[in-house]
Amino acid sequence: MSENQALQLRAKKLGVLLRDARLSSGKSMKDLGAAIGISASTFGAIERGESSPSLPELEVLAYFLGVPLAHFWSERLVSGPGTAEELDTQRLLVLRQRSVSTLLRQARAASGLSQKDVSDRTGISASRIRRYESGETPVPLPELEHLVAALGVPLESFMDAHGPIGEWNTAQRARQNLSNLPSDLQDFVAGEENRAYLELAQRLQSISREKLQALRDALDALL
């Protein structure tokens with residue numbers, strides 16, 4: 001499969017996941033388009049895989065749809081609606097697009113590669129990379145995935161970690177991790193009387209393996 005075909009396939013898959021999440025939420029293409037400042041017809045093109053959102057746009061869409069950002073790298077469809085609080089998405093998008101452009105430029109500089117080098121590795125034109133790095137053009141997600149893979153940096157380092165959507169996504173991830181635990185462990189974590197044990201476990205996490213083994217041996221001797 002050529003690089004261009006791989007990008008097209010990723011765009012199609014992303015479109016299917018977005019359409020499914022939108023239909024599950026009961027929202028229209030106009031609603032979703034308005035959230036990221038585009039028309040319903042342009043959003044329809046995204047759902048058909050004819051174009052792709054940038055990472056900041058996808059972050060806003062995930063928040064607006066009430067699904068974890070990680071959903072868009074999964075094979076599963078959404079089963080249930082989500083909700084979102086009022087958010088100044090347009091201002092947030094401007095800030096996040098600028099952040100992604102800066103991070104992309106910094107990652108390339110740190111790798112010691114020129115824009116032409118990255119172009120040769122990815123098949124994305126140097127002029128297009130230049131527009132992405134300057135913030136002139138948002139980076140479609142499939143191309144950002146391709147670029148960061150060529151630069152050897154994790155896509156997670158480009159994701160919002162501190163803004164309102166980043167905090168929401170962290171909470172979503174925590175809920176998902178909790179729901180994946182066996183029911184008895186979920187009950188233990190949820191019990192207020194067990195908080196001291198959880199805080200102790202958190203402290204023990206920073207102890208080296210050798211010291212932890214010595215502590216375990218000492219406790220075994222006492223018990």
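Here, each number is a calculation from the coordinates, and none is a lab measurement. Because the structure is a prediction, the values reported are computed rather than measured. Please note: Cβ atoms are built from the backbone with ideal geometry, for glycine as well, and neighbour counts cover all protein chains shown.
Here are some notes:
- Sparse-neighbourhood loop sites, GluC sites (Glu not before Pro) in region 1-76 - DSSP loop, at most 16 other Cβ within 10 angstrom: E50, E75
- Contact order, relative form, for the chain: 18 percent (alpha carbon pairs under 8 Å, 6 or more residues apart, mean separation divided by residue count).
- Report note on the peptides 200-213, 107-120: ranked by the mean count of other C-beta atoms within 10 Å, highest first, their order is 107-120, 200-213.
- Protection-proxy order for peptides 188-197, 95-104, each taking the mean of Cβ atoms within 10 Å per residue, highest first: 95-104, 188-197
- Cα gyration tensor shape for region 3-158, rounded if a/c is under 1.5, else prolate or oblate: prolate
- For the chain, built as a Gaussian network whose Cα springs stay under 10 Å, the top-fluctuating residue of L69, L93, L181: L181
- Three-way shape call for region 149-223 based on the alpha-carbon gyration tensor, with the a/c threshold at 1.5: oblate
- What the phi angles of region 115-120 give under the Karplus curve with 6.51, -1.76 and 1.60, with θ = phi - 60°, is a coupling list of 4, 5, 4, 5, 4, 4 Hz, glycine and proline written as x.
- For region 15-74 versus region 150-181, the gap between their alpha-carbon centres in whole angstrom: 18
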